[in-house]
Amino acid sequence: MLKFVSKNALILGVAAVSCVLAVAVVNELTFQEIAHQQEQNKLKTLVEVLPELQGNTEILANCVLAQDVQLLGKPAEQRIYRYQQDGQVKAYLVETTAPDGYSGNIDLLAAITPELKILGVRVLAHKETPGLGDKIELKRNPWILSFADKVLSSATDKSFAVKKDGGQFDQFAGATITPRAVVKAVKNAAVYIQQHPELAQQPATCGAAQ
């Protein structure tokens, strides 16, 4: 009887170990697939503001973490990706936040050259009012494309504002707060780049998996 019980216990033990190993293998494969998908999604977003990055996965690792509540919009660290050619930074892709949207934070991605030319801007996340503030999304309205090729001359450049405030950017009918917040955030991101030339030489501090 004891021999029979021991044999069954051994079988159950082997089965349990096999199950644990199988689950571990599945989890590892799933984790790798999820990480790969996240990487592709991140690259897709970066390509939207800078098409030259198509297929360039190296950009995901060429990234530094930055923290500046005043210019980048929130106390958490934001990522700044560096697009380089021939050893020179041609553009910074800055994750930044407009903290003063109508319904809260508006997370953005802006491609900005060292000369403070805006190459492109996209909205990453927001909670703005459907039908009004959500026009900052490209799928709702082409307004976000109006940033392309605009150049910030200085931190006091008054043209980087909505027309209601004397600037060059359109506001939305019945919703000025949202575009005003986005324009200000993009301007602040450019000012941050201007104030931190060391970004070009700073060692990478965030990787592809982040």
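The values are calculated or read from the model by the stated rules, or taken from the named source; none is laboratory data. All of these numbers come straight from a predicted model, not from anything done at the bench. Cβ placement follows ideal geometry from the backbone for every residue including glycine, while neighbour counts extend to all protein chains displayed. SASA here: full protein model, heavy atoms, side chains in, ligands and nucleic acids out. Shrake-Rupley method; radii C 1.70, N 1.55, O 1.52, S 1.80 Å.
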Check your understanding: Listed here are the pairs Lys163/Lys184; Lys90/Lys139; Lys44/Lys150; which of them are more than 21 Å apart at the Cα?
Key -> Lys90/Lys139; Lys44/Lys150
Review point. Quick one: accessible area per residue over segment 101-180, 1.4 Å probe, rounded to a whole number of Å²?
Key: 50 Å²
**Study point:** Accessible area of segment 139-210 belonging to carbon and sulfur atoms, whole % at 1.4 Å probe
**Key:** 52 percent
Exercise for review: Could you check the simple spin-label distance between Gln54 and Leu124, using points 7 Å along Cα→Cβ, in nm with one decimal?
Suggested key: 2.4 nm
Practice item. Would you please put 73-85, 47-59 in order of how densely packed they are, using the mean number of other Cβ atoms within 10 angstrom per residue and starting with the highest? Key: 73-85, 47-59
Practice item. Calculate the dipole size of segment 68-167 relative to its Cα centre from +1 charges on Lys and Arg beta carbons and -1 charges on Asp and Glu beta carbons; express the result in debye to the nearest 20. Key: 260 debye
Check your understanding: Given labels modelled 7 Å from the Cα in the Cβ direction, how far is it in nm from Gln202 to Gln70?
Key -> 1.6 nm
Point to revise | In range of the label at Ser159: residues from segment 74-118 whose backbone nitrogen is under 18 Å from the point 7 Å along Cα→Cβ | key: 112-118
**Study point:** Spatial separation of Cα centroids for segment 156-188 and segment 53-71, in angstrom
**Key:** 25 Å
